[in-house]
Amino acid sequence: MLVLVTGATSGIGKSTAEIFAKNSHDLIITGRREERLQEIKKQFESDHKIKVTILCFDIRNLKEVENAISKLSAENKKIDILVNNAGLAAGLGPIQSGEIDHWERMIDTNIKGLLYMSRAVSNLMIENKKGHIINIGSVAGKEVYANGNVYCATKHAVDALNKGMRIDLLPHNIKVTAVNPGMVETEFSIVRFDGDEDKAKKVYMGLQPLTPEDIAETIFWVANRPAHVNINDILIMPTVQATATNVIRK
Ligand code: NDP
Ligand code: 8X3
């Protein structure tokens, strides 16, 4: 299988790329941090004897997305699985004082970036007469929590797009799945709090969050169901987290 993972430079995306690499699948990995992409390529190609293609671009930029996908070799255009993972939360505060730049980053990345990638890659999948799009949503796409307003809205949009894509791509033998995690310890909270690592650590203090590997294993399982089986939607939480806000801490 050839697997394209967006946002593979850290967290869930990197672990997802790794589990497919360990299982001998070729990869196309994307992100903005080229040095990290190069390191990952070098490591995976030498450890797992697979081929890794790097696409370094900002998913918010339609031209960059279309360029990157249209320039893929004929072999690399036969993408079996697209993991729409690149995304972020920026800020955590009430709507009346929300930072416009935070809102635009989240909307442009989590909704528009995901749409640009899905449009470009689903057309290749239609040509190949098969494919599987795995959208990384969130518990924030299932419920809304205080101060999560715009992030929750973007993940609710992913939830809706996941359903819409499944309907539209049904005649084309393309599976569509959403994997929706609760708290996963990655660079997510560092990004959310604009680089404030102390604040980010507090999010996971006194509890055992999910690891990016937990989510990668779920994605890998979803991707490996028989041809006639599609997993529509999964909500996966740490055992100590019942809802977005009901968490047990020590
Ligand atoms: P990380 O911050 O560790 O990883 C985010 C990835 O997205 C990075 O590889 C980053 O790459 C990429 N990315 C962000 N913005 C852009 C952009 N403009 N263009 C291209 N790539 C971009 O966070 P996670 O691994 O936690 O997040 C992955 C996904 O999981 C996100 O969609 C997030 O919303 C979702 N999620 C996370 C949860 C959590 O608790 N961690 C829970 C539920 C869902 P680079 O910076 O190199 O561009
Ligand atoms: C990330 C999970 O609860 O921080 O999507 O919004 S949460």
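Listed by position, the helices (runs of 4 or more DSSP H) contained in segment 168-241 that have at least 1 residues being within 16 Å of ligand 2 (Cβ to nearest atom) and either on the phi > 0 side of the Ramachandran plot or touching a strand residue (DSSP E or B) at 6+ places or on another chain (Cβ under 8 Å) (or both) are 212-223.
Does Gln96 fit the bill of being more than 8 Å from ligand 1 (Cβ to nearest atom), open to solvent by 50 Å² or more (accessible area, probe 1.4 Å) and farther than 24 Å from Ser138 by Cα? So Gln96 fails the test. When Ser46, Ser73 are checked against the criterion of being assigned to a loop (DSSP other than H, G, I, E, B) and among the hydroxyl-bearing types (Ser, Thr, Tyr), a single residue qualifies: Ser73.
Scanning segment 124-135 for residues that are open to solvent by less than 10 Å² (accessible area, probe 1.4 Å) and over 13 Å from Ala223 (Cβ atoms) yields a single hit, Met125.
Residues checked against (1) closer than 20 Å to Met117 by Cβ; (2) hydroxyl-bearing (Ser, Thr, Tyr); (3) touching a Leu at 6+ places or on another chain (Cβ under 6 Å):
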site	(1), (2), (3)
Asn135	yes, no, no
Tyr151	yes, yes, no
Asp168	yes, no, no
Asn173	yes, no, no
Ile190	no, no, no
Asp194	no, no, no
Lys199	no, no, no
Lys202	no, no, no
Leu235	no, no, no
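Among the residues of segment 8-32, those identified as farther than 16 Å from Thr186 by Cα and either open to solvent by 50 Å² or more (accessible area, probe 1.4 Å) or assigned to a helix (DSSP H, G or I) (or both) are Ile19, Phe20, Ala21, Lys22, Asn23, Ser24, Asp26, Arg32.
So that you can scan it fast, the table gives a plain yes or no per residue for (1) small (Gly, Ala, Ser); (2) more than 23 Å from Asp101 (Cβ to Cβ); (3) free of Cβ contacts under 8 Å to residues at least 60 places away in the same chain:
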site	(1), (2), (3)
Asn162	no, yes, no
Met165	no, yes, yes
His172	no, yes, yes
Thr177	no, yes, yes
Asp198	no, no, yes
Ile215	no, yes, no
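Taking segment 203-231 as the range and being over 21 Å from Ala244 (Cα atoms), open to solvent by 20 Å² or more (accessible area, probe 1.4 Å) and in contact with a helix residue (DSSP H, G or I) (Cβ under 9 Å, 6 or more places away or on another chain) as the test, the residues that pass are Glu217, Phe220, Asn230, Ile231. Within segment 99-139, being of a type in the set (Val, Ile, Thr), closer than 19 Å to Leu82 by Cα, more than 16 Å from ligand 2 (Cβ to nearest atom) and not in a strand (DSSP E or B) holds for Val121, Ile126. Restricted to segment 33-49, and to residues that are surrounded by fewer than 17 Cβ atoms within 10 Å (Cβ to Cβ) and not basic (Lys, Arg), which residue is farthest from Gly11 (Cα to Cα)? Only one residue fits best here, namely Ser46.
The values are calculated or read from the model by the stated rules, or taken from the named source; none is laboratory data. These numbers were taken from a predicted model, which means no experiment stands behind them. Backbone-built Cβ (ideal geometry, glycine too); neighbour counts: all protein chains shown. SASA here: full protein model, heavy atoms, side chains in, ligands and nucleic acids out. Shrake-Rupley method; radii C 1.70, N 1.55, O 1.52, S 1.80 Å.
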